[in-house]
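Everything on this sheet refers to the single structure shown next.
The values are calculated or read from the model by the stated rules, or taken from the named source; none is laboratory data. Nothing here was measured: the structure is a model prediction, and the numbers come from that model. Quick reminder, even Gly has a Cβ in these numbers, built from the backbone with ideal geometry, and neighbours come from all protein chains shown.
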Amino acid sequence: MPINNLAFAEKFTGELDKLFVQGPVTGFFADNVLRSKFVGAKTVLIPEMDMSALGDYNRDTGFTMGSVAVSNQPYTLAMDRARSFQLDREDEDETGIANLAGQVMSEFVRTKVVPEVDAYVLSKLGGLAATKGQTVTGDHTTEVIKMFNDACLKVQNEAGFDEPLVCFVNPTVWAAIQNTPELNRQLVINDFKKGDLALKVKSINGIAILPVADARMKTAYEFLDGVTEGETDGGFKPADGAKSIGMLVMPKKAASLVRKSEKIRTFSPDQNQAADAYKFDYRTYYDVIVKNSLTKSIYAYVY
């Protein structure tokens with residue numbers, strides 16, 4: 001059954017884009033839309049603003065002149081990731097190649113792309129906090145209340161006490177929170193928006209608690225190229241010397257997931273010169289960006 005390549009690719013790209021935002025635990029960062037402009041394929045300009053603070057009003061000379069400086073900071077998206085898949089012509093069944101391809105590519109995004117996005121975003125944010133010394137310390141088995149409160153107060157001191165916060169936790173710290181009666185009693189269900197999804201998440205004092213698999217909560221990763229010997233499976237793995245991120249607290253608005261995705265390319269068996277098979281190319285550029293004014297508002301517990 002032939003497919004309309006253009007219509008299929010456009011619809012397919014839209015569905016996979018939804019999965020890209022709705023699947024990752026960190027997908028809500030895509031909702032923090034930056035006033036940005038792409039220049040080239042992977043470079044985006046983000047406006048940064050610096051201005052004078054208040055001065056005294058003088059009854060003779062009037063207002064004290066201040067200054068406003070707006071600069072466009074270039075950020076190059078670090079993650080340029082891709083894969084190509086082939087489905088043999090004979091694999092097509094009565095449901096049609098479009099349905100089969102949809103199942104394959106959706107599963108690819110869900111099981112391979114989503115974990116990598118979380119791992120990259122959280123490692124960059126946790127690594128930033130660790131590098132800047134914005135960390136809390138303690139024994140999470142006995143001091144998780146103190147550590148959680150300490151991290152939240154440090155973030156609020158920088159971002160303001162009315163700013164909505166999120167707290168990512170790995171399974172170890174999540175278990176410690178649930179096993180601590182004082183904190184467990186404070187857990188309530190609140191609304192949480194991620195893309196078009198309206199979710200229910202547990203929170204403490206209005207701070208969303210987002211458990212994340214341990215494999216996605218390290219301070220650094222190696223992202224495998226899919227070509228080099230030992231890396232042909234692609235994906236990612238913890239870098240040598242990487243630490244576990246037990247807790248990561250930050251304002252919900254502190255980071256932005258910026259993405260420029262190429263459309264899914266599709267080729268029929270007649271167009272595919274390499275094999276008698278349908279071919280699907282998936283490629284995405286993305287990065288997580290923290291504006292300079294918000295870098296001091298991210299705190300972590302690493303061990």
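Suppose we filter the range 228-276 for residues that are within 26 Å of Gly14 (Cβ to Cβ), at pLDDT 95 or above and more than 17 Å from the chain's Cα centre (by Cα); how many remain? Final tally of qualifying residues: 1.
Provide a single number: the residues in the range 245-303 that are of a type in the set (Ser, Thr, Tyr) and assigned to a strand (DSSP E or B). Of the residues in the range 245-303, 10 are of a type in the set (Ser, Thr, Tyr) and assigned to a strand (DSSP E or B). Within the range 187-201, take every residue that is outside any strand (DSSP E or B) and not charged (D, E, K, R) and give me the one that is surrounded by the fewest Cβ atoms within 10 Å (Cβ to Cβ). Here the residue is Leu187. The single condition from (1) out of contact with any strand residue (DSSP E or B) (no Cβ under 8 Å at 6 or more places or on another chain); (2) buried (at least 19 other Cβ atoms within 10 Å of the Cβ); (3) among the hydrophobic types (A, V, I, L, M, F, W, C) that Val212 fails is (1).
For (1) surrounded by fewer than 22 Cβ atoms within 10 Å (Cβ to Cβ); (2) under 19 Å from Leu257 (Cα atoms); (3) under 24 Å from the mean Cα position of the chain (by Cα), each residue gets a yes or a no:
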position: Val121; (1), (2), (3): no, yes, yes
position: Lys124; (1), (2), (3): yes, yes, yes
position: Gly138; (1), (2), (3): yes, no, no
position: Glu143; (1), (2), (3): yes, no, no
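Contact map, the range 211-228: residues that are part of a loop (DSSP other than H, G, I, E, B) paired with residues that are basic (Lys, Arg) and surrounded by 16 or more Cβ atoms within 10 Å (Cβ to Cβ), Cβ distance under 7 Å, separation 6+ or inter-chain. Pairs shown: Thr219/Lys243.
Listed here are the residues, each with its yes/no results for (1) acidic (Asp, Glu); (2) in contact (Cβ under 8 Å) with a residue 24 or more places away in the chain; (3) outside any loop (DSSP other than H, G, I, E, B).
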{"position": "Asp56", "(1), (2), (3)": "yes, no, no"}
{"position": "Asp60", "(1), (2), (3)": "yes, no, no"}
{"position": "Leu100", "(1), (2), (3)": "no, no, yes"}
{"position": "Val121", "(1), (2), (3)": "no, yes, yes"}
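Evaluated against (1) at pLDDT 95 or above; (2) over 13 Å from Met250 (Cβ atoms); (3) not in a helix (DSSP H, G or I), Asp162 falls short on exactly one condition, (1). Surrounded by fewer than 13 Cβ atoms within 10 Å (Cβ to Cβ), under 23 Å from Ser293 (Cα atoms), free of Cβ contacts under 8 Å to residues at least 40 places away in the same chain and touching an Asp or Glu at 6+ places or on another chain (Cβ under 6 Å): does that describe Ser71? For Ser71, the condition - surrounded by fewer than 13 Cβ atoms within 10 Å (Cβ to Cβ), under 23 Å from Ser293 (Cα atoms), free of Cβ contacts under 8 Å to residues at least 40 places away in the same chain and touching an Asp or Glu at 6+ places or on another chain (Cβ under 6 Å) - is met.
When Met105 is tested against the conditions (1) modelled with pLDDT under 90; (2) outside any helix (DSSP H, G or I), the lone failure is (2).
You will find that of Pro251, Pro269, the residue that is surrounded by 18 or more Cβ atoms within 10 Å (Cβ to Cβ), at negative phi and in contact with a Pro (Cβ under 8 Å, 6 or more places away or on another chain) is Pro251 and no other. Note on the range 188-215: residues that are over 14 Å from Asn149 (Cα atoms) and over 20 Å from the mean Cα position of the chain (by Cα) total 3. Quick check on the range 62-89: of everything there that is in a strand (DSSP E or B) and charged (D, E, K, R), which residue is farthest from Leu100 (Cα to Cα)? The qualifying residue farthest from Leu100 (Cα to Cα) is Asp80.
Met217 falls short of the stated requirement of being closer than 25 Å to Ile46 by Cα and not charged (D, E, K, R).
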